[in-house]
Amino acid sequence: MNDDLQPIDPSELAGIDPTGGLDELLIFGHPGTRRHFLKQVAGTSAAISLGPALMGIGSIEAAETDATSGGNASAAVTHVQLRINGRDHKLEIDPRTTLLDALREHLQLTGSKKGCDHGQCGACTVLVNGRRINSCLSLAVTHEGDEITTIEGLATGDELHPVQAAFLEHDGFQCGYCTPGQICSAVACISEGHARSDAEIREWMSGNLCRCGAYPNIVAAVKEAQSKTPAKAS
Ligand code: FES
Ligand code: FES
């Protein structure tokens, strides 16, 4: 058999090429080819379908940026003051830190969940000046002076927020992973006046996914909470 056609024992690869460059060579023909391939495909329908996470474009660009700046980009730190649930917090963070990571990793406010980290599931929903946002898509440094409310800030002492109470009453969850985002989103949905019917609730809560499929109970909970906290007159 031609030597080129002999199968390669994977256990030999580490010895041959400890850097892993050979891995790229085997898949794309040349170590530099993967980067070239991804850049060419970026912006095509394939990239849109696969999304940036699977394509790995962002990480490649970030690695290149780090490399060209001597690897110091991650060392930059900035000071920011965030007002969260009525309390001011001073942070020293990398300016690229998302609001979600600032909450979870720097302030241990882990009620807001990281589902997709790409603005697609709503698990990270928090309220900023009363409006719901995906905190995974927003940089923490852009929120100085904002009033941020997370799931931890909704209750008043031992008294649950009406939306929290309604979720309990109607079993609006199973595993509970999406629930903090669902509740924060529902609070804003009601205050926006977008919870006047089942159809309206489904439409205006559609950015919050529930992998357990607790949707009928979530709609029932939002409807009940809406009846107890009517929308403000516009
Ligand atoms: S974690 Fe932010 S939208 Fe999914
Ligand atoms: S309750 Fe499990 S994802 Fe919604």
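The values are calculated or read from the model by the stated rules, or taken from the named source; none is laboratory data. Computed from a predicted structure; not experimentally measured. FYI the Cβ positions are ideal-geometry reconstructions off the backbone, even for glycines, and counts take in every protein chain you see.
Quick rundown of the values:
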item: The listed residue being crowded, with 21+ Cβ neighbours inside 10 Å, more than 23 Å from the chain's Cα centre (by Cα) and away from ligand 1 (no atom under 16 Å from the Cβ), out of A220, A195, A214, A199; result: A195
item: Pair list, Cβ < 7 Å and 6+ apart or interchain, from region 86-108 residues that are over 16 Å from T142 (Cβ atoms) and surrounded by 16 or more Cβ atoms within 10 Å (Cβ to Cβ) to residues that are small (G, A, S) and modelled with pLDDT of 95 or more; result: R104/S112
item: N129 being under 25 Å from H89 (Cα atoms), within 13 Å of ligand 1 (Cβ to nearest atom), of a type in the set (S, T, N, Q) and not assigned by TED's automatic domain parsing to the domain that holds K223; result: no
item: Test result for G119, within 10 Å of ligand 1 (Cβ to nearest atom), under 15 Å from G207 (Cβ atoms), in contact (Cβ under 8 Å) with a residue 60 or more places away in the chain and part of a loop (DSSP other than H, G, I, E, B); result: no
item: Options A123, A225, A166: the member that is within 16 Å of ligand 2 (Cβ to nearest atom), more than 18 Å from A102 (Cβ to Cβ), buried (at least 24 other Cβ atoms within 10 Å of the Cβ) and small (G, A, S); result: A166
item: Unique match (being exposed (fewer than 13 other Cβ atoms within 10 Å of the Cβ) and either within 16 Å of ligand 2 (Cβ to nearest atom) or over 21 Å from the mean Cα position of the chain (by Cα) (or both)) among S206, S185; result: S206
item: Restricting region 160-178 to residues that are free of Cβ contacts under 8 Å to residues at least 24 places away in the same chain and either part of a helix (DSSP H, G or I) or more than 20 Å from the chain's Cα centre (by Cα) (or both), the residue that is farthest from R131 (Cα to Cα); result: L168
item: Residue in region 138-147 that is within 21 Å of H79 (Cα to Cα), buried (at least 22 other Cβ atoms within 10 Å of the Cβ) and in contact (Cβ under 8 Å) with a residue 24 or more places away in the chain present; result: yes
